[in-house]
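The values are calculated or read from the model by the stated rules, or taken from the named source; none is laboratory data. Everything numeric here is computed off the predicted structure, so don't read it as measured data. Quick reminder, even Gly has a Cβ in these numbers, built from the backbone with ideal geometry, and neighbours come from all protein chains shown.
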Amino acid sequence: MPETRPPAIRQIVIVGGGSAGWMTAAALSSLLPADQVGISLVESEQIGTIGVGEATIPDIINFNALLGIPETDFLKATNGTFKLGIRFLNWGGLGEDYIHPFGQHGVDMNGIDFHQFWLRYKADHPGSTIEEFSLSAVAAKSGKFTMPDANPRSVLSQLRYAYHFDATAYAAYLRNYAEQRGVQRIEGRVTEVHQDAQTGNITAIDLDNGQSVAGDLFFDCTGFHGLLIEKTLGVPFRDWSHWLPCDTAQAVACERGDAILPYTVSTAKTAGWQWRIPTQHRTGNGHIYASHLLSDDEAIDSLLKDLDGDVIGSPRKIRFRTGHRAKFWEKNCVAVGLSGGFLEPLESTSLFLIQEGISKFIALFPAADMPSVVRDEYNRQLVKKFEQVRDFIILHYKATTRDDSPFWNYTRTMDIPDSLTDRIELFREAGRVFRYEDELFSKPSWVAVMMGQNIVPKSIDPIVRTVDPAGITRSLQSMKSAMTSAVSNMQTHRAFLETYAWSGKDAERGAGGER
């Protein structure tokens, strides 16, 4: 008997632009033949996007590589800079300071995590910090940068980086990329959504210009509006604000200084935290806070007081809710970006979660009948990703000694997910940390935050206790010396940018937020 094949998807409609919409369009257009699958993106210039800047994690490099985007072109087009990690101020306690760097700490030895050897070393060197053994952290604190070395024997092979850039410019860059590959951009606001009477699938959307756009598959990239996933399909939202009580941001740009630091800064404040993201042409800033504990005026005053340059424009208020949709893929609609869920950008995961939404869909790319088993697997994987990132962010709030405000008293004493409790207690017992189910954050990330915020193991690995401490000291001091020497030979971050990918653009006057 002849093989019966389900019908193929012929028309994909992406509703909403911004980073989520154009990342989706660019990725799909890079993989799908334009003569076989039509891709349309509907957006309105009357509807703004959330921000004009972004701090990222190293996975963005993989996304750009998938698209074949040259790094220098991308950096010039987006006023991009390099990011080696995040500096956290006042999180574990007032006056405390640590870096969560990209990449590893030191070198694992005999199959045992490096931080176990460092804990033994620290017993004899109490002033030591684990970030002294991270090349990314040492370079970040020195304001230096260079490209990693592909030779695994080189200390420079340990360097990992991401970017800071103008997200509005990134969306425009991806729009040009996608349109060159056949994506049709349609201007208009959605006035009505049509559904099949029997299946409930979305069949078409009507626009305010009288145009109707039909499709087999729809992506909801309409941000917090959730026009398709919530307003049309009624998928509920799982609220995580009891663990992550911040619900408002005030965002503004300022003039940058002569130096451009290769890291994001996150400063814990009375009822939330403030970010600082350096791009080539200006610095993005934002104050995220719990509005029931801090007024908008107080938040703005605190934001402006802590800028490191002259303000550009006026702060812009953004309201949000942390959590995610019960389903990211319902019927023939996939929610990507803010329409699917939101976690505050404390660890710069916003674009990563968009990437995950796109990459998991591509890995499960369905026929037009979209079997429920495929949708179920997609939803399971996306929910797990959100939960894993959620736990890592909650850790920053929970692991604090601060008792100077109602906000910190609440987060310090609140109940947390069992999955996070187990991680903390396992690490506190003997420094054990594991990576589960291909999760985003690696062992060094968990160690950096837990040690940086004073979760100290009661003991160390029993095997490490049998190792000659003098030998451990020699090995670690050799690593430290190699890193210090490598960083001393690097250019400053700005000098590297000027020779590698300098845009030459000045700051634009006007309102501008970040993330």
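Data table
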| quantity | calculated |
| --- | --- |
| Selection within the stretch 240-283 - of a type in the set (Gly, Ala, Ser) and farther than 20 Å from Leu75 by Cα | Ser241, Ala249, Ala251, Ser266, Ala268, Ala271, Gly272 |
| The stretch 129-150, residues that are at pLDDT 95 or above and part of a loop (DSSP other than H, G, I, E, B) | Thr129, Ser134, Gly143, Thr146, Met147, Pro148, Asp149 |
| Answer from Ser295, Ser302 - the residue that is of a type in the set (S, T, N, Q), closer than 28 Å to Ala259 by Cα and not assigned by TED's automatic domain parsing to the domain that holds Ala204 | Ser302 |
| Yes/no for Gly17 being under 20 Å from the mean Cα position of the chain (by Cα) and buried (at least 17 other Cβ atoms within 10 Å of the Cβ) | yes |
| Strands (runs of 3 or more DSSP E) contained entirely in the stretch 240-293, each with at least 2 residues that are in contact with a strand residue (DSSP E or B) (Cβ under 8 Å, 6 or more places away or on another chain), in contact (Cβ under 8 Å) with a residue 12 or more places away in the chain and over 22 Å from Gly92 (Cα atoms) | 248-254, 283-289 |
| Those residues of the stretch 151-181 which are more than 22 Å from the chain's Cα centre (by Cα) and part of a loop (DSSP other than H, G, I, E, B), in sequence order | Asn151, Pro152, Arg153, Ser154, Arg181 |
| Selection status of Asp461, in the same structural domain as Ala123 (by TED's automatic domain parsing) and surrounded by fewer than 11 Cβ atoms within 10 Å (Cβ to Cβ) | no |
| Test result for Phe392, surrounded by fewer than 20 Cβ atoms within 10 Å (Cβ to Cβ) and aromatic (Phe, Trp, Tyr) | no |
| Matching option when the condition is over 30 Å from Gly257 (Cβ atoms) and not in a helix (DSSP H, G or I), among Asp422, Asp438 | Asp438 |
| Tally, over the stretch 201-229, of residues that are within 24 Å of the chain's Cα centre (by Cα) and of a type in the set (D, E, K, R) | 1 |
| The stretch 269-278, residues that are in contact with a helix residue (DSSP H, G or I) (Cβ under 8 Å, 6 or more places away or on another chain) and either hydrophobic (A, V, I, L, M, F, W, C) or under 16 Å from Lys83 (Cα atoms) (or both) | Ala271, Trp273, Trp275 |
| Total residues in the stretch 105-128, condition in contact with a Leu (Cβ under 9 Å, 6 or more places away or on another chain), surrounded by 15 or more Cβ atoms within 10 Å (Cβ to Cβ) and in a loop (DSSP other than H, G, I, E, B) | 2 |
| Output for the stretch 466-515, where each listed residue is touching a helix residue (DSSP H, G or I) at 6+ places or on another chain (Cβ under 6 Å), at pLDDT below 95 and among the small types (Gly, Ala, Ser) | Ser503 |
| Residue check for Leu94: out of contact with any Phe, Trp or Tyr (no Cβ under 8 Å at 6 or more places or on another chain), among the aliphatic types (A, V, I, L, M) and under 30 Å from Thr248 (Cβ atoms) | yes |
| Filter pass, Ala167 being under 30 Å from Leu294 (Cβ atoms), in contact with a Lys or Arg (Cβ under 9 Å, 6 or more places away or on another chain) and modelled with pLDDT under 95 | yes |
| Val449 vs. criteria in a loop (DSSP other than H, G, I, E, B) and either under 30 Å from Ser359 (Cβ atoms) or in contact (Cβ under 8 Å) with a residue 24 or more places away in the chain (or both) | no |
